[in-house]
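Colleague: Sharing a structure below in structure tokens format, with a few things to ask.
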Amino acid sequence: MSRQIALLRGINVGGHNSFPKARQLELARSLGLEEVSVLLQTGNIVFADPGTPPAETARRIEERIAADLGLTVPVVVRTRGELAATVAGNPFPAAVPEPRTLHVTFLSEVPANPARLDALDQAAYAPDRFRLIGRELYLWCPQGIGRSKLAEAVGRARLGVTATARNWNTVTKLLALADA
């Protein structure tokens, strides 16, 4: 059976939006999702594909979180195939040996106007680089993301869509979990 992956934005970060792993599992099951697994505490839920379009699944999860926890938590959902394409489409293969330096921001939609990203002079932020491919924004920060000026600039580029980022370790672990 195919799988879907729900990526919740901004939970259990800095003591905000507390949503423990066990509660994430419980909530997913209460929605009728099956074969549910939760990776880490940061909102990564893998489950059997219910046959519902990913955007509808995201909406249902967001509504249930709001109703049950009183939290506004944006959710982006990808199918297993979409996540596999994200991994295969990595434009920065040199980053793979140092997976902590590579991040993927998953977008709810293709940005209607990516001009804010296009306006960034990537050469000014070297060696850091980014690339937008469809609904994924890849960010490679060879010296780490913590002090990256490019990561900060990309984060400020309001794209008008829901966005949530994961490091490469988490992305590949989610794919492995979806394949298990």
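The values are calculated or read from the model by the stated rules, or taken from the named source; none is laboratory data. Everything numeric here is computed off the predicted structure, so don't read it as measured data. As a convention, Cβ positions derive from the backbone with ideal geometry for all residues, glycine included, and neighbour counts pool all protein chains shown.
Colleague: For the range 115-141, what are the residues that are of a type outside the set (Lys, Arg) and either outside the structural domain of residue 90 (by TED's automatic domain parsing) or closer than 16 Å to residue 166 by Cα (or both)?
Modeller: 130, 132, 133, 136, 137, 138, 139, 140, 141
Colleague: Related question: For the list (1) closer than 20 Å to residue 130 by Cα; (2) more than 13 Å from the chain's Cα centre (by Cα), I need the number of the one condition that residue 31 fails.
Modeller: Among (1) closer than 20 Å to residue 130 by Cα; (2) more than 13 Å from the chain's Cα centre (by Cα), the lone unmet condition for residue 31 is (1).
Colleague: Being buried (at least 19 other Cβ atoms within 10 Å of the Cβ), farther than 16 Å from residue 164 by Cα and not assigned by TED's automatic domain parsing to the domain that holds residue 144 is the requirement here; does residue 27 meet it?
Modeller: When the stated conditions are applied, residue 27 passes them.
Colleague: Condition test on residue 10, is it out of contact with any Lys or Arg (no Cβ under 7 Å at 6 or more places or on another chain), without any contact (Cβ under 8 Å) to a residue 60 or more places away in the chain and of a type in the set (Gly, Ala, Ser)?
Modeller: no
Colleague: Follow-up question, since we're still on this one. Taking the range 14-62, which residues are of a type in the set (Phe, Trp, Tyr) and in contact with a strand residue (DSSP E or B) (Cβ under 7 Å, 6 or more places away or on another chain)?
Modeller: Passing the criteria: only 47.
Colleague: Residues that are of a type in the set (Val, Ile, Thr) and farther than 15 Å from residue 170 by Cα: does the range 13-23 have at least one?
Modeller: Scanning the range 13-23 turns up at least one residue that is of a type in the set (Val, Ile, Thr) and farther than 15 Å from residue 170 by Cα.
Colleague: When you scan the range 64-93, how many residues do you find that are aliphatic (A, V, I, L, M) and in contact with a strand residue (DSSP E or B) (Cβ under 8 Å, 6 or more places away or on another chain)?
Modeller: Filtering the range 64-93 for residues aliphatic (A, V, I, L, M) gives 65-67, 69, 71, 73, 75-77, 83-85, 87-88.
From what's left, in contact with a strand residue (DSSP E or B) (Cβ under 8 Å, 6 or more places away or on another chain): 65, 73, 75-77, 83.
Of the residues in that region, 6 qualify.
To keep it simple, each residue is scored yes or no on (1) part of a loop (DSSP other than H, G, I, E, B); (2) touching a helix residue (DSSP H, G or I) at 6+ places or on another chain (Cβ under 6 Å).
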residue: 7; (1), (2): no, no
residue: 10; (1), (2): yes, no
residue: 26; (1), (2): no, no
residue: 29; (1), (2): no, no
residue: 46; (1), (2): no, yes
residue: 56; (1), (2): no, no
residue: 61; (1), (2): no, no
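Colleague: Does residue 117 qualify as being more than 18 Å from the chain's Cα centre (by Cα) and more than 27 Å from residue 55 (Cα to Cα)?
Modeller: So residue 117 does not fit the description; no.
Colleague: Consider only pairs whose beta carbons are under 9 Å apart and that are at least six residues apart or on different chains; among these, list those whose first residue lies in the range 121-150 and is farther than 18 Å from residue 111 by Cβ and whose second residue is among the charged types (D, E, K, R) and at pLDDT below 90.
Modeller: What qualifies is 141/147.
Colleague: Given the criteria surrounded by 14 or more Cβ atoms within 10 Å (Cβ to Cβ) and within 14 Å of the chain's Cα centre (by Cα), does residue 58 qualify?
Modeller: Against the criterion (surrounded by 14 or more Cβ atoms within 10 Å (Cβ to Cβ) and within 14 Å of the chain's Cα centre (by Cα)), residue 58 qualifies.
Colleague: Still on this model: Out of curiosity, is residue 88 hydrophobic (A, V, I, L, M, F, W, C), modelled with pLDDT of 95 or more and more than 12 Å from the chain's Cα centre (by Cα)?
Modeller: So residue 88 passes the test.
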